[in-house]
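Student: Pasting a structure below so you can have a look.
A short reminder: the numbers here are calculations on the coordinates, not readings from a lab. Predicted, not measured: the structure shown is a model, and the values here were computed from it. Glycine gets a Cβ as well: all are built from the backbone with ideal geometry, and neighbour counts include every protein chain shown.
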Amino acid sequence: MTLRQAFLAAPLTLPNVRRDFVEWHRGRPCFVLWALDLDLPEVRARQQAAADQLGALLLEPYRRQPHLTLGLCGFPSAAPAAADEFGPVRLAAQLDALRTLRPPPFDVEIGALESFASAPFLTTEAACGSLDRLHACLAGGPMDPPAHAYVPHLTVGLYAGAWPTVEIDRRLDTYAASPLRLRIERLSLLGYAAAEVGGPLTRLADYELSDGRFRWHPAGEALASCLQPPSPGCEPGSLLKV
């Protein structure tokens, strides 16, 4: 089944609502994920052009910067007590898996406008299964899809209502843009405020594909003390600026 066929299999989209999902975050302020940070002017332009095709069908505002999720980590904690919490042991295991894989820099291509039931997205592809291998290293949290269901994508926004999918189908096809190719040199650990739907992402740390170094950003130093893995390849401090 193609992405479009899967989308059209349901008659209506799934509406998103703007509220504080306290029953999910339970007062924990930050959620963390691994992703490709694609926040570049040319990618923002693609994201905005795609959102314009769907207009008032999308929940506003959507302030999340362009990114491609590789794995959902969870709520950071020095001593995780719940399945959806993310601690130093799991981060160390992820970094060990990356260093074993030793993925080189690679190209990713941003393409057509497609949709899940809850959100439209731009398709993303990379040669030789690069994204699937990175997902295998970094996924495994309770909210991650199983490997066979992972669809790399760049989210455009969130649907604001239960709209007929057949009508959206026509709008998806009005988006026309040639594929955009980007060189990927690093993976990023990103975070967002758990109480804010569609809120902005903050870059917390980077894993450099060229040499396997993991570096915290100043914005992530508050988490570094509880998430810093006991691994010799990890460098604390503000070696990179945001």
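Student: Mind ranking 46-57, 172-183, 62-73 by how tightly packed they are, going by the mean number of other C-beta atoms within 10 angstrom, highest first?
Tutor: Values: 46-57: 16.8, 172-183: 12.8, 62-73: 20.7.
Packing proxy ranking, top to bottom: 62-73, 46-57, 172-183.
Student: Return the FRET efficiency for the residue pair Ala49, Ser210: r is the Cβ-Cβ distance, R0 is 30 Å, and the value is rounded to the nearest 0.05. Walk me through the intermediate numbers first.
Tutor: On the way: r = 32 Å, r/R0 = 1.07.
Efficiency computed from Cβ-Cβ geometry: 0.40.
Student: For the chain, what are the DSSP H helices with axial Cα length of 18 Å or more and mean Kyte-Doolittle hydropathy of at least -1.0? All intermediate terms of the calculation are to be shown ahead of the outcome.
Tutor: Numbers: long enough: 41-54 (20 Å, -0.92); 88-101 (20 Å, 0.46).
Passing helices, by number: 41-54, 88-101.
Student: A further question follows. Could you run the Karplus curve 6.51 cos²θ - 1.76 cosθ + 1.60 with θ = phi - 60° over segment 139-147 and give me ³J(HN,Hα) per residue in whole Hz, x for Gly and Pro?
Tutor: 8, x, x, x, 9, 6, x, x, 3
Student: Taking the simple approach of a point 7 Å from Cα along Cα-to-Cβ for both Arg18 and Glu196, what is their distance in nm?
Tutor: With each label placed 7 Å out from Cα toward Cβ, I get 1.3 nm.
Student: I've got another one for you. Quick check: Cα centre of segment 31-67 to Cα centre of segment 102-141, how many Å?
Tutor: Here the answer is 15 Å between Cα centres.
Student: Please order Trp163, Trp24, Trp34 by the number of other Cβ within 10 Å, starting at the fewest. Don't skip to the answer; put the middle values down first.
Tutor: Details: Trp163 19, Trp24 13, Trp34 26.
Fewest to most other Cβ atoms nearby, the residues stand as Trp24, Trp163, Trp34.
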